[in-house]
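The next block holds one structure in the form of structure tokens; read it before the comments.
Rule-based calculations on the coordinates, nothing more; no lab input. The structure displayed is predicted, hence computed values, not measured ones. Methodologically, a virtual Cβ is constructed for each residue, glycine included, from the backbone with ideal geometry; neighbour enumeration extends over all protein chains shown.
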Amino acid sequence: MTRRDFAKTSAGAAVGATLVTTIIPAHAAQSSAGATKTTSVDQNPIRRRGTGLRAIDSDRASPGLTLFAPMLSDGTVYLIDLQGNVVHTWRMPYPPGLYGYLTEKGTLIYNGKIPNETFLGKSPFKGGAVLEADWNGRVLWEVREPNHHHDGRLLRNGNILLLCATELPDQIAKKVQGGRPKTEVNGKMWADYLVEVTKVGRKVWEWRSWEHLDPATDVITAIQENRSEWTHGNAFVELADGNLLVSFRNISAIIKIERRTGEIIWKLGAPPLSAQHAPTPLSNGNILIFDNGPHRLDQVFTFSRVIEVNPATKEIVWKYQEPVPWNFYSPYISNAQRLPNGNTLINEGVFGRFFEVTSEGDVVWEYVNPYFGPATEPPKRQRNSVFRVYRYTDQEAANARTGI
């Protein structure tokens with residue numbers, strides 16, 4: 001029989017949650033001496049339900065360490081084991097803008113947030129800096145770009161690719177369809193571009209979304225969405241052939257860009273997609289996608305799912321979706337990762353919930369981010385959101401420790 005260990009982290013454990021005590025009915029609160037008993041109830045619903053390790057099936061969970069950077073943290077990046085124990089942290093010089101990941105040689109690539117006074121600089125998805133740090137947190141290099149947001153990654157050639165945004169030319173902005181009228185930013189609409197820079201900041205390549213997308217057909221898919229942005233890119237990935245896969249949330253589309261020409265050579269839109277995040281190529285040639293689903297064109301209610309798509313046929317060949325669909329829902333951020341044993345790690349980002357499922361959809365590990373912020377806000381408003389989460393094998397973690 002498969003051994004299952006189910007671990008429940010009490011709300012007062014070392015993971016930093018607040019102690020939740022029993023609520024005493026008002027009629028029973030008076031003692032015989034007339035004194036009133038009072039209790040303290042955490043007013044944050046996510047934290048009240050429990051944080052830290054929630055469950056583990058040790059026989060079926062994929063071994064390794066999980067890396068995450070709470071979005072509202074001070075710049076601390078955490079590496080935890082399957083029991084939810086923190087085994088290492090990095091303290092970065094900036095808050096996350098919005099995440100970090102380990103390279104093949106074990107260094108940390110980190111997107112940091114450096115706000116400014118523009119629309120982009122005041123947005124919660126602002127970036128501004130990308131850096132590489134060793135195991136001890138020593139910064140090896142750093143590049144800054146005020147228009148950077150969401151994603152910045154190290155390319156195989158050693159350069160850095162940045163996802164950026166700027167104001168659209170007026171003649172294009174007025175042609176963009178969808179969204180609520182008159183919700184532009186001071187009459188302006190923003191859109192995305194990609195820029196490749198060297199580690200000293202020299203620009204060597206650029207791709208502009210408005211030169212390749214069609215404002216009449218690549219529409220903002222939600223009629224209730226603001227028109228402050230047209231595309232709202234949230235992720236890209238370099239493919240094995242050197243081409244790029246890019247996700248645009250507001251137009252619910254993932255595209256493949258040919259690096260040599262800049263042309264769009266593949267696209268997946270709505271439906272099936274709805275404000276998706278984090279397209280990830282798999283070893284079988286398929287693409288794993290966190291499909292957020294805040295406004296589906298083919299469903300009457302909202303829910304999230306993780307889908308695996310065959311790019312040749314655009315067919316969904318695997319998915320994780322709750323039997324009661326709305327039990328799994330993150331309206332924005334989030335990601336998924338296929339693990340070495342065939343399981344899938346899922347980050348329900350808005351609620352800071354990480355869980356691992358088998359190919360059959362059984363949950364075999366679950367952890368809730370216990371780090372809430374900002375501390376200055378009342379408990380009801382504090383959030384534990386996480387943009388992306390990654391699992392690394394023990395060997396990959398060992399490489400990071402030794403700098404291999």
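Mind grabbing the base-10 log of I(q)/I(0) for the range 201-269 at q = 0.11, 0.12, 0.14 Å⁻¹? Debye formula, identical points on the C-alpha positions, no solvent, two decimal places. Listed by q, the Debye log ratios stand at -0.28, -0.33, -0.44.
The H on the amide N of Asp42, modeled in the peptide plane, is under 5 Å from the matching H of Thr21, each at least 5 residues off or on a different chain. With viscosity set to 1.567 mPa s at 4 °C, what whole-number translational diffusion coefficient in µm²/s follows for the range 117-215 from Stokes-Einstein and a Kirkwood radius over Cα pairs? In µm²/s, the coefficient rounds to 86. The range 338-390 to the range 53-96: how many Å between their Cα centroids? Rounded to whole Å, the Cα centres lie 10 Å apart. In a DSSP loop and with at most 13 other Cβ atoms within 10 Å, the GluC sites (Glu not before Pro) in the range 62-168 are Glu104, Glu117.
Annotation: aspartates and glutamates with alpha-carbon distance below 17 angstrom to Lys175 (same-chain offsets under eight excluded): Glu167, Glu184, Asp192, Glu211, Asp214, Asp218, Glu225, Glu229. Would you indicate which of [x] 21.2, 77; [y] 22.1, 83; [z] 19.6, 58 is the value of Rg and Dmax of the Cα atoms in Å derived from the coordinates of this structure? The value computed from this structure is option [y].
Using the Stokes-Einstein relation with a Kirkwood hydrodynamic radius computed over Cα pairs, the translational diffusion coefficient of the range 60-141 at 20 °C and a viscosity of 1.002 mPa s comes to 160 µm²/s.
Cross-link partners for Lys319 among the lysines, with Cα-Cα distance under 27 Å and sequence neighbours closer than 8 places in the same chain left out: Lys256, Lys267. Rounded to the nearest whole Hz, the Karplus-based 3J(HN,Hα) values (6.51 cos²θ - 1.76 cosθ + 1.60, θ = phi - 60°) of the range 86-91 follow the sequence 6, 9, 6, 9, 10, 10, with x at glycine and proline. For the range 221-367, what is Rg from Cα atoms divided by 2.2 N^0.38 Å, rounded to two decimals? My calculation over the Cα atoms of the range 221-367 gives 1.02. A simple rule links phi to the HN-Hα coupling: the Karplus curve 6.51 cos²θ - 1.76 cosθ + 1.60 with θ = phi - 60°, which for the range 125-138 gives 9, 4, x, x, 8, 10, 9, 10, 10, 7, 4, 8, x, 6 Hz, with x for Gly and Pro. Working note: 222 nm ellipticity from helices only, DSSP H runs with n ≥ 4, each -39,500 (n - 2.57), summed and divided by the residues of the chain, gives -1000 deg cm²/dmol to the nearest 500. Restricting the range 33-114 to trypsin sites (Lys or Arg not before Pro) that sit in a DSSP loop and have at most 16 other Cβ atoms within 10 Å of their own Cβ leaves Lys37, Arg49, Lys105. Step through the table entries Lys174/Lys203; Lys105/Lys199; Lys113/Lys380, compare each Cα-Cα distance with 20 Å, and write down the pairs that go over it. Those over the limit are Lys174/Lys203; Lys113/Lys380. Counting charges near Trp141 (Lys, Arg +1; Asp, Glu -1) among other residues having Cβ under 10 Å from its Cβ returns a value of -1.
Each Lys and Arg contributes +1 and each Asp and Glu -1, all at the Cβ; summed about the Cα centre of the chain, the dipole is approximately 820 debye. What's the center-to-center distance, using Cα atoms, between the range 158-185 and the range 244-270 in Å? Using only Cα atoms to place each centre, the spacing works out to 15 Å. When the trypsin sites (Lys or Arg not before Pro) in the range 206-293 are filtered for DSSP coil states and for at most 10 other beta-carbon atoms within 10 Å of their beta-carbon, the remaining sites are Arg260.
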